[in-house]
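Some notes on the structure that comes next.
The values are calculated or read from the model by the stated rules, or taken from the named source; none is laboratory data. Everything numeric here is computed off the predicted structure, so don't read it as measured data. Reconstructed Cβ throughout: ideal geometry from the backbone, glycine too, with neighbour counts over all protein chains shown.
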């Protein structure tokens, strides 16, 4: 919570308490110094507290070590050197157990202090001494390797890092060697040995596949002569973390280089809606938008392509198969959404634009439904697949843009087509009740009671086989499954409008957000659309489905 003042007051009160043990007072003062140094960034106060610690305990090694660091940060190199020398003296005093790992860090830090003071010749032996104490400690090995590389001794640089990496792996496993392997990759790249640098980075990623900075570095190397592989690596970064802004910028530039301007524009659009775009990014996006052509949708989405390119894995999970087999029965169990007041068939309202969009998207998703316009429609839209296929829109939506309405109809018609429209309007309690019911249906027969038992009384043979296939499954997450099914509908809406801004705007409205304008959706792309919608918009599947529908 960063209540530094209150924390410091508590520590000072404790230290001033006559009943506190001396060792506890020392520990409290060390915590106070850490708050001054790392919390308040007040090195002077930290130094004063550390001196008080040393007055109380002149042989406190940690206090001297932290004091050396604070002097170093303050540019007081002679004081820093005196403090680190005192640490080493205490650590190597007769009768003291030698701790190689600690001594390696002390000698390395002494080397840093000497380097900062401009005495590189005196610093080098300190780094070598650190390596002698702990051959797998990466910082001194990296410093000496960089110096060797700068001096033109590439072989010595590689040998230093490889030997240190082997020692690190022997002590702590493959992950312990990653910093050294990363240093080796950078030295190899600087020397112009791109293939070796690629192998080094791939070795790192085999150990730490989530290492975004290493994957971005690998992508930049690939981009020199293989931009498609660079694109593949950057998309892996975004698959793991949709908030990695540098990856978006590189990905957009690589798409532009390969002539995929439409995909470059999508990347920059997402960057903007995640709140990471700078003026240069927006200028590029505006330029690409100005040259953008929007081909009309010419084809319907066939079932096989819907399964392959649109729906999420949730539909193929046990709960997805179970719900699909019992969609009508389960929809009847859930309380139907309120439809609002003053309902009128859309054909009688006099909104040709709305009807034209609805007809086009209905054809796209091979779905027919009755469309009504009403007032005070809860959630602005109500959608049902059973017992009737209905889409009821609040009258306030009639002024929305074409892309926003296209998203809305895509969202609704996909849910109707998939039979899961009832999920669109679930409240928290209904989600919980439905989840409990689905779990109950997957339990052994003797345990069934209530609604679950009633449902099983008249189900189809197909539904019975699905239940038998997945019986006794316990590790299901109904909440995550419902979110996954809602993501299918959002994907369909996005495909229908091909406008990420409009999609996020409409998701915001349907979620009950009251935004002043479309600009208010900036930085909300991940919150409202969810990571799935971001990744889908940038995916090959999205590109393929758009190609199918517009070819």
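Observations, loosely collected:
- Residue 233 vs. criteria out of contact with any helix residue (DSSP H, G or I) (no Cβ under 6 Å at 6 or more places or on another chain) and more than 27 Å from residue 550 (Cα to Cα): no
For (1) within 26 Å of residue 479 (Cβ to Cβ); (2) in contact with a strand residue (DSSP E or B) (Cβ under 8 Å, 6 or more places away or on another chain), each residue gets a yes or a no:
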residue: 367; (1), (2): no, no
residue: 381; (1), (2): yes, yes
residue: 394; (1), (2): no, yes
residue: 408; (1), (2): yes, yes
residue: 426; (1), (2): yes, no
residue: 429; (1), (2): yes, no
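- Residue selection: residue 463 fails the criterion of being assigned to a helix (DSSP H, G or I), in contact with a helix residue (DSSP H, G or I) (Cβ under 7 Å, 6 or more places away or on another chain), surrounded by 19 or more Cβ atoms within 10 Å (Cβ to Cβ) and modelled with pLDDT of 85 or more.
- Matching residues, the stretch 78-104, being buried (at least 19 other Cβ atoms within 10 Å of the Cβ) and either within 22 Å of residue 38 (Cβ to Cβ) or in contact with a strand residue (DSSP E or B) (Cβ under 9 Å, 6 or more places away or on another chain) (or both): 80, 83, 84, 87
- Test: residue 71 is touching a helix residue (DSSP H, G or I) at 6+ places or on another chain (Cβ under 9 Å) and either part of a loop (DSSP other than H, G, I, E, B) or in contact (Cβ under 8 Å) with a residue 40 or more places away in the chain (or both): no
- Matching entry among 377, 333, 349 (being over 30 Å from residue 305 (Cβ atoms) and in contact (Cβ under 8 Å) with a residue 60 or more places away in the chain): 333
- Top-ranked residue of the stretch 232-250 - restricted to ones that are touching a residue at least 60 places away in the same chain (Cβ under 8 Å) and within 18 Å of residue 542 (Cα to Cα), ranked as surrounded by the fewest Cβ atoms within 10 Å (Cβ to Cβ): 239
- Residue within the stretch 147-158 that is surrounded by fewer than 18 Cβ atoms within 10 Å (Cβ to Cβ), at positive phi and not in a helix (DSSP H, G or I) present: yes
- For the stretch 204-219, the condition of being touching a residue at least 60 places away in the same chain (Cβ under 8 Å), part of a helix (DSSP H, G or I) and closer than 29 Å to residue 278 by Cα holds for none of the residues.
- Of all positions in the stretch 423-431, none carries a residue that is outside any helix (DSSP H, G or I), buried (at least 24 other Cβ atoms within 10 Å of the Cβ) and modelled with pLDDT of 95 or more.
- Pick from the stretch 28-68, criterion without any contact (Cβ under 8 Å) to a residue 24 or more places away in the chain and outside any helix (DSSP H, G or I), ranking: surrounded by the most Cβ atoms within 10 Å (Cβ to Cβ): 42
- Set side by side, the residues 412, 382, 358 differ, and just one is crowded, with 19+ Cβ neighbours inside 10 Å, within 36 Å of the chain's Cα centre (by Cα) and not in a helix (DSSP H, G or I), which is 382.
- Filtering the stretch 17-27 to residues that are modelled with pLDDT under 90 and either loosely packed, with under 10 Cβ neighbours inside 10 Å or under 22 Å from residue 80 (Cβ atoms) (or both) leaves 18, 19.
- Of everything in the stretch 303-340 that is at pLDDT 95 or above and farther than 25 Å from residue 463 by Cβ, the residue that is surrounded by the fewest Cβ atoms within 10 Å (Cβ to Cβ) is 305.
- Qualifying residue in the stretch 474-497 (condition: assigned to a helix (DSSP H, G or I), touching a helix residue (DSSP H, G or I) at 6+ places or on another chain (Cβ under 7 Å) and at pLDDT below 90): no
- If you go through the stretch 283-297 and keep only what is free of Cβ contacts under 8 Å to residues at least 12 places away in the same chain and under 27 Å from the mean Cα position of the chain (by Cα), you end up with 283, 286.
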